[in-house]
Structure formats: C-alpha cells, structure tokens
C-alpha cells in the first residue's frame, strides 16, 4: 500500500503482549510508512489507550504527553517484585494484608500533590541509557524523586480471599502506577505489586471510542483510517483565532503577524477550517511554536 497523505489521531487500545513501539511499527507498516508517533509508553504487560499521531499531528504530541491520564490497576498484596509488576522476581513477602476499610481509607493519603521515586525498570534515561536496561544488567539505578498530581484515587473492588484491591485513578503526566501501587502497599504496612494495569483515558481519548485489536495482526488500513480523528481534537480547550488565506501564507513563511489581543500563552490559528500554526501572542504579535502543513 502506498503512503497515505493523512494527518490526524488514531485512538487505539494497546492489547497485552505487544510493546508500544511494536504497535506503532505495525500501524506504520499498514499505512505505508507514514510518520507516526505515540504519546506515552505502555508496558508490554499493560493494556490501554495509546493515541497515535499521524503525519502533522505528531507536531502536537506534547499536548497529550502533558494531558491528564486515567488508569485502572489491581494490586496484589503480600509480596513485592523487582519490577513492581507480576512479571518480576519476588523479592520479599509478608503475612500482613490490609483490610477493606484500610484499602479505602488510604486513598485520601495519596490524593493531591505527592512525591514519587520512579522505578528502576522505567524508560527514564541515565547518562543516555534507559534505566530498565541498566536494571536488567544488574547495575544500581538511582532516580531522583519527583512531584506528581493524583487528581482522584478510588477503590473499585476488594477481594479478601485473593488478597487484591482494584483502584481507579486520574493523574498527571509522569505518574508511575507500579510505584503508586508499591507506595500504597507500604503505607498499609504491607507489600504489593501490580497484577493488572489498564490505561482508560489520555486527554480527550478514552477506551470507549478506541480501536481494540486483540493483536497487531488484527489491524487493517480500513479499520485504522475509520478511527482517524482531526488534528485539532487535542486543541479543544485552547483559544483559536481565524485568519484569511493571505495571512496564513505569511505565517507559513515564518513572518510575524499582528493579533489584536492581549498576551496569550497558547493559541492556534485556523484558515478555511484548517489548522495553520500554534503559538503565543506577545506584544500584539503572533509567535509561532509549530507550523503545520495540512
């Protein structure tokens, strides 16, 4: 299939068993090598919403990297692993299992601005090398604490016999759910790791409207393109300013144009119902951050 001159977003639900990069590669191959990028890696053992930017949409990827995300995760109490999930090696065990009420009450402690230390088995780079590669080779990995925001955290179910609790959270970028599960467990005087993990929403994209292949081999060009959404969908909460075609040409050629407005931190320009550029307004002029060719 020849490369398609397409631009937009594909809301795809990554199944368990394939990496985010592997799914991107599969979609890219099906669409004939168009430029595609994702906006936040999901572990191979995790599933969930993985919005893909196609063509010029990749220039707006940061909007989804920075967007609020939602996860559903099941914690297995009674042990911890070196990876923080079920595929890791068990390091310690404990007989203390929190009660249902304790599992409910702990949510308040982890709501708001909290500090996390990212897991050693993460994609964060140390001197240019992903932390997980260092951890897998047996090297010591030390990552600095960082502040994140937990907008909501709720216990959805609790199984006393299986010693598990399922939580739903809405959180900021940079949140590591495996670390959250471990920290919750430690605060409950127990140990725990992630048994199941699903990302249910990334910004405006949620699981209910996502394309849901059971594997990469289930994908087809027709199914992928039927899910394609406009580039501008991620800009719904940002001020838009309409301009005519002549001014749009000036913007495309890097010229500053006057905007009758006070300073605006973020704004996008539209001509003939097509996005032209995104940027800011300073001292009465539009300053381009990214110019799109659609």
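FYI, it's all coordinate maths here, none of it is from the lab. From a predicted model like this one, the values you see are computed outputs, not experimental measurements. Note that each Cβ is placed from the backbone with ideal geometry, even for glycine, and that neighbours are counted across all protein chains shown.
General remarks:
- Distance from the alpha carbon centroid of the range 148-175 to that of the range 1-80 works out to 22 angstrom.
- For the chain, the relative contact order comes to 21 percent (Cα pairs under 8 Å, sequence separation of at least 6).
- The range 131-278, relative contact order in percent, only Cα pairs under 8 angstrom and at least six apart counted: 12
- The label-point distance for residue 117 and residue 236, in a model that sets each label 7 Å from Cα toward Cβ, rounds to 3.9 nm.
- The angle between the Cα long axis of helix 100-109 and the main principal axis of the chain comes to about 40°, on a 0 to 90 degree scale.
- Cβ crowding within 10 Å, taken as a proxy for footprinting-reagent exposure, orders 268, 9 from fewest neighbours to most as 268, 9.
- On the basis of the beta-carbon distance and an R0 of 41 Å, residue 220 and residue 62 show a calculated FRET efficiency of 0.90.
- Alpha-carbon centroids, the range 239-288 and the range 194-219: separation in whole Å: 35
- Taking every DSSP beta bridge that has both ends in the range 1-120, the antiparallel portion is near 100%.
- Where Rh is the Kirkwood radius over Cα pairs, Rg/Rh for the chain: 1.03
- Panel order for 96, 38, by other beta carbons found within 10 Å of each beta carbon, from fewest to most: 96, 38.
- 0 to 90° range, to nearest 10: angle between helix 177-187 axis and the chain longest Cα axis: 40
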